[in-house]
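Reviewing the structure listed below.
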Amino acid sequence: MIFLGLLAVPLSAQTIDQADALQAEGRLPEAVRVYQAVAEAAAQADPETSATARNNACVLLTQLGDFRAALAECEAALRIRRALGEPSRIARTLNNTGLCLHYLGDYGAAESRFREALEVNRLRGDAESQVVNLSNLGLVATSEGRYNWALERHAEAAGLASRNSSEPWAESQIQVAHINQGVVLEKLGAYREALGLYRGVLEHADRLDPRRSASLRVNAGVVYRNLGDPVSALDDFREAIRIYEAEGDKAGLSNAWLNIGLVHHLNLDQPREAEEAYRTALRLAEESGDRSEEIQDLFYLGRLLLEQKRLDEAERAFSRSLDGARRSGSAEGRWSALDGLGRIAAARGQDERAVELLEQAMDDIETVRGTLRRGSLRALFFGEKRPVYTAAVEALGRLDARKPGAGYAERALDVVQRAKGRELLDALGGSATGASPLRADQLRAKVGDGLLLEYFAGDRNLYLWVVREGGVELADLGPARPILDDAKAVHAALARRQEPDPARLDRLSKTLLGPAGEIDESEVRISPDGALRYLPFEMLTVSGDPLVERAATSYLPSGSALGWLRQLDQYTPAYTLAGFGAPEVPNGSPAGDLAARYRLPPLPGAVRELDRLTQLLPGRHTLRTRGDDTEGELRHLAYNGVRIVHLATHTVIDERPGRGAAILFSPDGEDDGLLYPEEIATLQYRADLTVLAGCRTALASGEGEGDALASLTGSFLAAGSPSVLATLWEVGDDATAAFMEQLYHELGKGRRPAEALRRAKQRFREDPRWQRPDLWAGYVLIGEAPRVAYSHRLRFGIGFAVLAALALTPWLLDRRPGAAASARPAPSGGSAPPETPARSA
């Protein structure tokens, strides 16, 4: 509701009434002129009325998208109101001034105005105005790339509105907060989670004002586009355009047209239509003065022009976008434009310049990413930005090919460590010391007398770094797609219990291991990438010998893991083995519902199987089964220290937004019996080896290839377990029983897990009953582990039947670029709606 004030001059009152009537009829330009006339007429005799008229003109000009003119009116109103000293009116105009500054790209000044308004409204106890101010602060933070802080402000706004739920304004402000939270989640790539928020708002769409309805349409369309439904996306965008045109909102039109362009560009491969839409969006942004929209429009136009090899035009677009981003403080705008300029330099053969620009973009990305507290959001955010790192690696690879030995191979490896290690390293917290990506020289020192093979899939080619203590070599393995397709085919055959195609295995052996030479080291660490994470490298041959016969092999999320997996705190474990299994999941509980959905049977044999393990290892053991296997017990035992945690239970997929794979436990109190990766990564976890033995695993695709933290294995590493044993496919109860018995027998001898696993595989290869590769090759050790036992009691037996079938990491997915979201703060003190929700591109 706009505050009009008490006018001493009847003519002025009558004129403001006229302006109000014009506004109600939708004749906003005429209403603005009347307000401006009133302001001039009352400037000397009635400054309060003049300020009110200026404030109202500011609000309407903002609605019309004329932000420069709106700012002038707001600043004039603010000067008058500061002189008059009316706190409530000062706060309203402060908010509206911040609104104009935000649209014009001056985010720092906008935040200052919103903060001042918030402090005034807190002193006054005005809850509704505080909610508006908090939302606007969140939207400024979104524009600057401070996503975690933005989520906190929107959550604070929603909480305050909920505490005032009896007020008539509360419901709409809760909806606005959910829309704005969805915008941030879209920027982080959490599209399904954002869609869940939007669906909740759509249930009450009939109560939304037109601009909010249009914003919601745009946001939902972005989600549909990113989830591969361009038809639904276009329907939403076109409906938003219809509303914005009726409202005369040029900034809103710019955003909707940008999204139309993205559909034609990224989904439908229609470059002519995309360019027309982008240029329409850019024209509207320039006319409205909306700097945020202009930055985005220029970037996407530049990217389209780059793809068409129109380098000079693309460079002009990216340069303008970068200039606007730097002046406004838009982190997203900066790294996007720097990425574009770096790719132009690469296209011109200027690889040194390309690397320089791309490294600046990476620095910006990592600064923003470090502010995100949720591990899953960090991983999703990086998944959207990996192409920047890929472009840098490819440029350095070309430089290395032209100037071998000039240090480009090492620089490229440094970039790979920044890219691949970040998901886990950001989540380590206090679990390790020195948790940061390692440089090439540090990797050489860490690898010692062993061998590290680091793989990285670029946009086109696959790269391999062969790291020994004596040096680093970079090999361009050629087009990535055929190699990854061979890896997928080998995995698919083994998962079906079939022999892989010998020709594929031979190609993979020569391509993936050939550059490493003879491999006479006793220990090999492999850091795969993409679909290579599902490939059992031990099957590949070196001079005719399978790798399993040459060296103990373990896998790493990145070579940098060597810097922190060995630096975990020393401790005296309470137990050698802590086993969990046979959970009791009652119907109606979250765990029970998922167990019923996947038809997971009880696991009575897990008790006998866990008991059998205790006979193969020296030391103290404890088992938690049949209702005692709770999340709380896992937290307690792992906190006090255990050599081996063995989980003989089910794994399921929770398809709710933001969830994913989960391990089943028995529910207890506040614990629902579902342990998710994000929960695991935050545990105070002290175990040398974690064995994931998930019977009838329901792990499915759907997670991003770069999302190491979202995998169960990655989350245990992040929590502090230096190694995790899992399998790449279901092996079968009998084979698993026999294999685990061999493995624990070797562990009981005091062998390190990598060597114990190798010897168990060799035993299987020598036994006609178990020598098929699908029965032994799928067991993999991720990480580095010390010995877990120091003596061996010669006890043998049969009957162990735990099925270990957890996937190492998800399949390679082709992800489309994320949406470019623009946040629109809320006006106050005018007859416009008190909040304009965020729009996403």
Verdict on L123 being among the hydrophobic types (A, V, I, L, M, F, W, C) and open to solvent by 30 Å² or more (accessible area, probe 1.4 Å): yes
Sole residue being farther than 30 Å from L195 by Cβ, open to solvent by 10 Å² or more (accessible area, probe 1.4 Å) and at pLDDT 90 or above, chosen from E167, E156, E75, E128: E75
Scan of region 342-356 for residues that are open to solvent by 10 Å² or more (accessible area, probe 1.4 Å) and either part of a helix (DSSP H, G or I) or at negative phi (or both), ordered by number: R343, A346, A347, R348, Q350, E352, R353, E356
Options S135, S112, S88: the member that is surrounded by 22 or more Cβ atoms within 10 Å (Cβ to Cβ) and of a type outside the set (A, V, I, L, M, F, W, C): S135
Any pair with Cβ under 7 angstrom, 6 or more apart, that starts in region 294-306 at a residue that is over 22 Å from L104 (Cβ atoms) and part of a helix (DSSP H, G or I) and ends at one that is open to solvent by 10 Å² or more (accessible area, probe 1.4 Å) and not aliphatic (A, V, I, L, M): L304/H265; L304/P271; L304/E275; L305/E313; L306/R343
Index of the failed condition, N259 passing every other in (1) over 17 Å from N219 (Cα atoms); (2) out of contact with any Asp or Glu (no Cβ under 7 Å at 6 or more places or on another chain); (3) part of a helix (DSSP H, G or I): (1)
Checking G544 against (1) in contact (Cβ under 8 Å) with a residue 24 or more places away in the chain; (2) more than 17 Å from P786 (Cβ to Cβ), the condition it does not meet: (1)
Index of the failed condition, A277 passing every other in (1) open to solvent by 10 Å² or more (accessible area, probe 1.4 Å); (2) modelled with pLDDT of 85 or more; (3) within 25 Å of Q63 (Cα to Cα); (4) of a type in the set (A, V, I, L, M, F, W, C): (1)
Odd one out for G189 among (1) open to solvent by less than 60 Å² (accessible area, probe 1.4 Å); (2) assigned to a helix (DSSP H, G or I): (2)
Per-region count, region 321-341, residues within 24 Å of E352 (Cβ to Cβ) and open to solvent by 30 Å² or more (accessible area, probe 1.4 Å): 3
Inter-residue pairs, beta-carbon under 7 Å, first of a type in the set (G, A, S) and at pLDDT 80 or above and in region 645-657, second open to solvent by less than 10 Å² (accessible area, probe 1.4 Å) and not in a loop (DSSP other than H, G, I, E, B), 6+ apart: A648/G579; A648/F580; A648/G581; A648/A606; A648/L610; A648/A693
Members of region 458-489 that are part of a loop (DSSP other than H, G, I, E, B), touching a residue at least 40 places away in the same chain (Cβ under 8 Å) and small (G, A, S): G458
Cross-chain or 6+ apart pairs with Cβ under 8 Å, region 387-399 first and in contact (Cβ under 8 Å) with a residue 60 or more places away in the chain, then among the hydroxyl-bearing types (S, T, Y): V393/Y463; G397/Y408; G397/Y463
Criterion: within 29 Å of the chain's Cα centre (by Cα) and open to solvent by less than 50 Å² (accessible area, probe 1.4 Å) - qualifying residue of D459, D476, D486: D486
Residue within region 88-108 that is free of Cβ contacts under 8 Å to residues at least 12 places away in the same chain, touching a helix residue (DSSP H, G or I) at 6+ places or on another chain (Cβ under 7 Å) and not acidic (D, E) present: no
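The values are calculated or read from the model by the stated rules, or taken from the named source; none is laboratory data. Since this is a predicted model, take the numbers as computed values, not measurements. Cβ atoms come from the backbone with ideal geometry, glycine included; neighbour counts cover every protein chain shown. For the accessible areas, the whole protein counts, side chains as well, though only heavy atoms, and no ligand, DNA or RNA atoms are used. Shrake-Rupley method; radii C 1.70, N 1.55, O 1.52, S 1.80 Å.
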